[in-house]
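> First the structure, then my questions, so here it is.
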Amino acid sequence: MKKKIAGLILLVVLMAVIGGIYFVTGNAPRIVNVDGYVGGEKIELLEDEEVQSVFEEKYGLNVDYSRAGSLDMMTADLSGRDYLFPSSSIALEYYEDLHGSPVQSEIVLNTPIVLYTHQIVLDAFESQGLITTDGDIHYIDMAGLLELIQNGAQWSDIGLPELYGRVSVDTTDPSKSNSGNMFAALVANVLNEGQTVTEADLAAVLPELQDIFGKLGYMETSSSDLFSQFLRMGVGAEPIIAGYESQLIEYAALYPDEYDRIRDDVVMLYPAPTVWSAHVMIALDENGQILLNAMQDEDIQEIAWKKHGFRTGNYGDIADSGAIPAEGVAASITQVAQVPSYDVMKVIIEQLE
């Protein structure tokens, strides 16, 4: 009898062990590692623990990346890469020009180009009639701002003797980074009397554009690095920069204590007009396609907006401004200019190198 009981116990133990092995090896989702290049402004999103949980639990993905500028990644070594995640459709057309059609591509995130400045600079711009305010949302007249820059106005000329040098907007290198590229597109359109620049307009616009960018000196290659410097170094070093709307929203959501310390100083200005930056995912193989599909998941899209500031799908407009941790965020983006065509932007980029 005791032998039968012992045998039965042994059988139960074996079944449990075998069942556990089957559960671990047979039922658990297979984890696929994907690797690619990503613009620096989206790294916090990819490293978000909630996002990573969705990737792993719903799609069986472990997502790795290397940071690169939107245009730089197109000419980088793509060996072993499954995807590219630049910040504009111009970058996609650049990829197609160099490599042909990818396996798949989709715009999965959007954010407008904005300017970031400090309260004393906002006050000075208001004194020059450049600012229109709607509640706590500020719009800047880009034509008026460019007129100051082209005329070589000093900061002291507009009431800021504590700031050194000429009025200018710091931006990333337009030949390497998308935020600089999109800002160049915006400036070109404004110089073209608000009309989208065509090939026929280039001869008239390029000299002025080169003059403006030629005065900037060294330019960062990453929008995230430029934004970090702006926050860290203060108004004396970085009076005004070009960046993405998403950056301040993300900073306020992820670092609320730090945001509280800069809340009364840092100001977001919406250029009138602005341009959209379309963050497109380029799948280079089947694994990249899985990631592309995952990025369009409703849970990912909601996290991308509420915690990282990307306007996506159902989150293009703000229904409840109280849900946004940053101040001065527009409910909707209405004054938008069309980005020049890829052929035109290619010439602009080449001339600004």
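> Quick one: length gained pulling D257 to A153 fully straight, 0.36 nm per residue minus the C-alpha distance?
Values: separation 104, 0.36 × 104 = 37.44 nm, distance 3.64 nm.
The D257-A153 span can extend by a further 33.8 nm.
> Which of N151, G135, G214 sits closest to the plus end of the dipole of segment 117-222, meaning its Cα is farthest towards the positive end, when Lys and Arg get +1 and Asp and Glu get -1 on the C-beta?
G214
> While we're here: What stretch of the chain, leaving out the sites themselves, is the longest with no trypsin sites (Lys or Arg not before Pro) in a DSSP loop having at most 14 other Cβ atoms within 10 Å? Please list the in-between numbers first.
Numbers: sites that count: R30, K215, R263.
By the stated rule (loop sites, at most 14 other Cβ atoms within 10 Å), 31-214.
> Sequence gap at least 6, Cα distance under 8 Å: using those rules, report the relative contact order of the chain to the nearest whole percent. Present the calculation step by step, with values, prior to reporting the outcome.
Working: 592 pairs, mean separation 94.4, N = 353.
Computed value for the chain: 27 percent relative contact order.
> What FRET efficiency comes out for Q119 versus Q210 if R0 is 30 angstrom and r is the Cβ-Cβ distance? Round to the nearest 0.05. The partial results should precede the final answer.
On the way: r = 32 Å, r/R0 = 1.07.
My answer for the efficiency is 0.40.
> Identify, among G194, W305, Y251, the residue whose Cα sits farthest towards the positive end of the charge dipole of segment 185-306, taking +1 on the Cβ of Lys and Arg and -1 on the Cβ of Asp and Glu, with the dipole about the Cα centre.
Of the candidates, G194 comes out farthest on the positive side.
> According to a simple spin-label model (label point 7 Å from Cα along Cα-to-Cβ), what is the distance in nm between E106 and Q335?
So the label points at Q335 and E106 sit 3.4 nm apart.
> Please give the net charge around Q150, taking every other residue with its beta carbon less than 9 angstrom from that of Q150, where Lys and Arg add +1 and Asp and Glu add -1. Kindly include the intermediate steps, with their values, before the conclusion.
Values: positive: none; negative: E147, E208, D211.
Surrounding charge for Q150 is -3.
> Using all Cα-Cα distances in segment 22-101, what percent lands in each 5 angstrom bin from 0 up to the longest?
So the P(r) values, bin by bin, are 3, 14, 21, 21, 15, 12, 7, 4, 3, 1.
> Quick check: at a probe of 1.4 Å, how many percent of the accessible area of segment 219-259 sits on carbon and sulfur atoms? Walk me through the numbers on the way to the answer.
Details: 660 of 1360 Å².
Accessible surface attributable to carbon and sulfur in segment 219-259 totals 49 percent.
> In nm, what is the difference between 0.36 nm times the number of residues separating A200 and D97 and their Cα-Cα distance?
Values: separation 103, 0.36 × 103 = 37.08 nm, distance 2.18 nm.
Length gained between A200 and D97: 34.9 nm.
> Determine the shape class of segment 124-275: with a ≥ b ≥ c the square roots of the Cα gyration tensor eigenvalues, call it rounded for a/c under 1.5, and otherwise prolate if a/b is greater than b/c, oblate otherwise.
prolate
> Exceeding 23 Å between C-alpha atoms, which entries from my cross-link table qualify? They are K176/K346; K176/K307; K176/K215; K58/K306; K58/K307.
Flagged as over cut-off: K176/K307.
> Based on the alpha-carbon gyration tensor of segment 195-353 and its eigenvalue square roots a ≥ b ≥ c, which shape applies: rounded if a/c is under 1.5, prolate if not and a/b is larger than b/c, or oblate? Please list the in-between numbers first.
Numbers: a/c = 1.75, a/b = 1.20, b/c = 1.46.
Taking the square roots of the gyration eigenvalues as a ≥ b ≥ c, segment 195-353 is oblate.
> Could I ask something else about it? Could you give the length gained by full extension between N62 and N33, i.e. 0.36 nm per residue of separation minus their alpha carbon distance, to one decimal place? Could the numbers behind the result be given before it?
Values: separation 29, 0.36 × 29 = 10.44 nm, distance 0.48 nm.
Here the answer is 10.0 nm.
> Counting only protein heavy atoms and using a 1.4 Å probe, what share of the accessible area of segment 68-117 belongs to carbon plus sulfur, as a whole percent? The partial results should precede the final answer.
Working: 660 of 1700 Å².
Answer for segment 68-117 is 39 percent, counting heavy atoms of protein chains only.
> Please compute the Cα-Cα pair-distance distribution of the chain with 20 Å bins starting at 0, giving whole percents from short to long.
Result, from short to long distances: 28, 51, 13, 5, 2, 0 percent.
> Which value, to two decimals, describes the C-alpha radius of gyration of segment 101-177 once divided by 2.2 N^0.38 Å?
1.45
> With every protein chain kept in place and ligands, DNA and RNA left out, what is the accessible area per residue of segment 157-286? Probe 1.4 Å, answer in Å².
On the way: 5090 Å² over 130 residues.
That works out to 39 Å² per residue.
> Show me 246-255, 177-186 ranked by packing, highest mean number of other Cβ atoms within 10 Å first. Intermediate values should be presented prior to the final figure.
Values: 246-255: 22.0, 177-186: 28.1.
Taking the mean over residues of other Cβ atoms within 10 Å, the ranking is 177-186, 246-255.
The values are calculated or read from the model by the stated rules, or taken from the named source; none is laboratory data. Because the structure is a prediction, the values reported are computed rather than measured. Neighbour counts run over all protein chains shown; Cβ positions are idealised from the backbone, glycine included. Accessible surface areas use protein heavy atoms only, side chains included; no ligands, DNA or RNA. Shrake-Rupley method; radii C 1.70, N 1.55, O 1.52, S 1.80 Å.
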